[in-house]
Amino acid sequence: MNKLCTLCSCQRAWLLVAVLAAGLPGCVTINIYFPAAAAEKAADKVIDEIWQLPPDQAAPVDHAVSPPASPAAVTPVNDSGSQPANRKE
Amino acid sequence: MTRYIAGVFLAFCFMAAFSHAQAAADLNVNTPAVAAVKAAMQARHAQLSAYYQSGAVGLTVEGFVAVKDASLVPLSQRGALAGLVNDENTDRTHLYQGIAAANGHPEWEGEIQRIFALRWIDKAQSGWFVQREGQWSRK
């Protein structure tokens, strides 16, 4: 009985291995898909380099350190009641 | 025993999926072969851009360039123009092949070419001729 059981579990183990092995190609197949988004990103990068385009317009320039030519041009915020008071309901 | 085998198998699957997810984040475009092709194309672009502007050369739906209107170019320069277009297309083929190979999937060449074709046309400057549905149109 004991011997028989050992055989059984051994067979079950092999059966499991066989089933899992059959599932492995599925795993691999899912893995090899074409990464379209990555390819698009790569294409943009390569084309920008070849055509020497600036790396997309989506890079806002920070003007924080631009020295003002005429300080008078800076208009201070007028807070002398030009804004209507918030309505309270 | 069976649990152990299943555990190892699942771990393997997760590792495979995870390593792929990481690999998919970016395509490698920095091999020496790809860099050489890019440099050659960058240098050639200085000559080609005038032809794009004039409409002598346009961008095709297949991700290549083609002589669209040779009559815009003086007769004496047409041979050189044909050579330029030919060299550019050879390099473009090498570019698509090179990127596919650099990422371990030579079979991706067609897909990469298709995406490049869209992006070249999308990034073309206004005034350049691009092919859409078999017809030339000016951007």
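Just to verify a number: FRET efficiency for residue B:107 and residue B:42, C-beta to C-beta distance, R0 = 30 Å, to 0.05?
Working: r = 27 Å, r/R0 = 0.92.
Computed FRET efficiency for residue B:107 and residue B:42 comes out at 0.65.
Pairs of Cα atoms under 8 Å, at least six residues apart: use those to get the relative contact order of region B:39-103, whole percent. Provide the component values of the computation, followed by the final result.
Values: 44 pairs, mean separation 18.1, N = 65.
Averaging sequence separation for qualifying contacts and normalising by length gives 28 percent for region B:39-103.
Over region B:27-138, calculate the relative contact order: mean separation of alpha carbon pairs under 8 Å at least 6 apart, over the residue count, as a percent. It would help to have the intermediate numbers written out before the result.
Values: 130 pairs, mean separation 38.4, N = 112.
Dividing the mean separation by the residue count of region B:27-138 yields 34 percent.
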Residue list for region B:47-68, given a label point 7 angstrom along the Cα-to-Cβ vector of residue B:86 and an amide N cut-off under 14 Å | B:67
Formal net charge of residues neighbouring residue B:116 (Cβ-Cβ distance under 14 Å; K, R +1; D, E -1) = -3
How large is the charge dipole for region B:84-139, taken about the Cα centre, if only the Cβ atoms of Lys, Arg (+1) and Asp, Glu (-1) carry charge, to the nearest 20 debye?
-> 360 debye
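Measure up A:45/B:68; A:41/B:38; B:38/B:139; A:45/B:123; B:38/B:68 against 19 Å on the Cα-Cα distance and list the ones that go over.
As for pairs spanning more than 19 Å Cα to Cα, those are A:45/B:68; B:38/B:139; B:38/B:68.
Computed from the coordinates by the stated procedures, all read-outs in this text should not be read as laboratory data. Since the structure is predicted, the reported quantities are computational estimates derived from the model, not experimental observations. Counting neighbours? That spans all protein chains shown, and the Cβs are built from the backbone with ideal geometry, glycine included.
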